[in-house]
1. With respect to the numbered conditions (1) assigned to a helix (DSSP H, G or I); (2) under 13 Å from the mean Cα position of the chain (by Cα); (3) of a type in the set (Phe, Trp, Tyr), which one is the sole condition not fulfilled by PHE167?
2. Does the stretch 80-99 contain any residue that is acidic (Asp, Glu) and crowded, with 18+ Cβ neighbours inside 10 Å?
3. Within the stretch 50-72, identify whether any single residue is at negative phi, in contact with an Asp or Glu (Cβ under 9 Å, 6 or more places away or on another chain), among the β-branched types (Val, Ile, Thr) and touching a residue at least 12 places away in the same chain (Cβ under 8 Å), and answer yes or no.
4. Just need a number here: residues in the stretch 138-152 that are without any contact (Cβ under 8 Å) to a residue 40 or more places away in the chain and surrounded by fewer than 17 Cβ atoms within 10 Å (Cβ to Cβ).
5. So which residues in the stretch 153-169 are more than 12 Å from VAL121 (Cβ to Cβ) and either modelled with pLDDT under 95 or buried (at least 17 other Cβ atoms within 10 Å of the Cβ) (or both), if there are any at all?
6. Restricting to the stretch 42-71, and then to whatever is at pLDDT 90 or above and touching a Lys or Arg at 6+ places or on another chain (Cβ under 7 Å), can you tell me which residue is nearest to PHE111 (Cα to Cα)?
Amino acid sequence: MANPASAPLAPLVGVVGWSGAGKTTLIELLLGAFTKRGLEVATIKHAHHPLRPGDGATDGARHARAGACAVAVIAPEQWEVRGALQAGAPPRLDEIAALLGPCDLILVEGFKSAAIAKIEVRRADATTRRPLAENDPHIVAIASDHTVEGRGLPVFSLDDITAIAAFIERHVRHLRPE
């Protein structure tokens, strides 16, 4: 594989939603689907709290167990790549992505305000149900466990991982050569 510094940056696709919407679970399931398709997928997770010691139960650990080839977790005052705590303030999203090494796709959990293509996750019992797509032109689809109005966006059942994965592959057409 190419040197990470010279390799083109893999496409980034965000998974966003309110707390309790199921973002981490969706990423785990997508990782499984993409891994079965032979793709190498890295993840970047945004945390609103200080990083916890690696106890196997963190969202980053869940990403790794689900098949991510590399994981970065970014907190307000600290960050880690591949489980190694890094010194200094977290870099920009594109800089973090470049540190993950060669891969086919990078799934980004959180980072609601990032200017990347995003899938909004909605769950009926989430802590907040206010739609994000209405105010974010970067949201390209919605995945929900209940009936929602897409307002022109594709809407997927949160359980239809095959359709969501296929949509992501179509959305980032250059994901792998035909």
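1. With respect to (1) assigned to a helix (DSSP H, G or I); (2) under 13 Å from the mean Cα position of the chain (by Cα); (3) of a type in the set (Phe, Trp, Tyr), PHE167 is out only on (2).
2. yes
3. Yes, there is a match, as at least one residue in the stretch 50-72 is at negative phi, in contact with an Asp or Glu (Cβ under 9 Å, 6 or more places away or on another chain), among the β-branched types (Val, Ile, Thr) and touching a residue at least 12 places away in the same chain (Cβ under 8 Å).
4. Of all residues in the stretch 138-152, those without any contact (Cβ under 8 Å) to a residue 40 or more places away in the chain come to 140-142, 144, 146-152.
Filter once more, so that each one left must be surrounded by fewer than 17 Cβ atoms within 10 Å (Cβ to Cβ): 146-147, 149-152.
Matching residues across the stretch 138-152 total 6.
5. ILE161, ALA165, PHE167, ILE168, GLU169
6. Step by step, filter the stretch 42-71, then rank; the result is VAL71.
The values are calculated or read from the model by the stated rules, or taken from the named source; none is laboratory data. Remember, it's a predicted structure, so these values are computed and weren't measured experimentally. Reconstructed Cβ throughout: ideal geometry from the backbone, glycine too, with neighbour counts over all protein chains shown.
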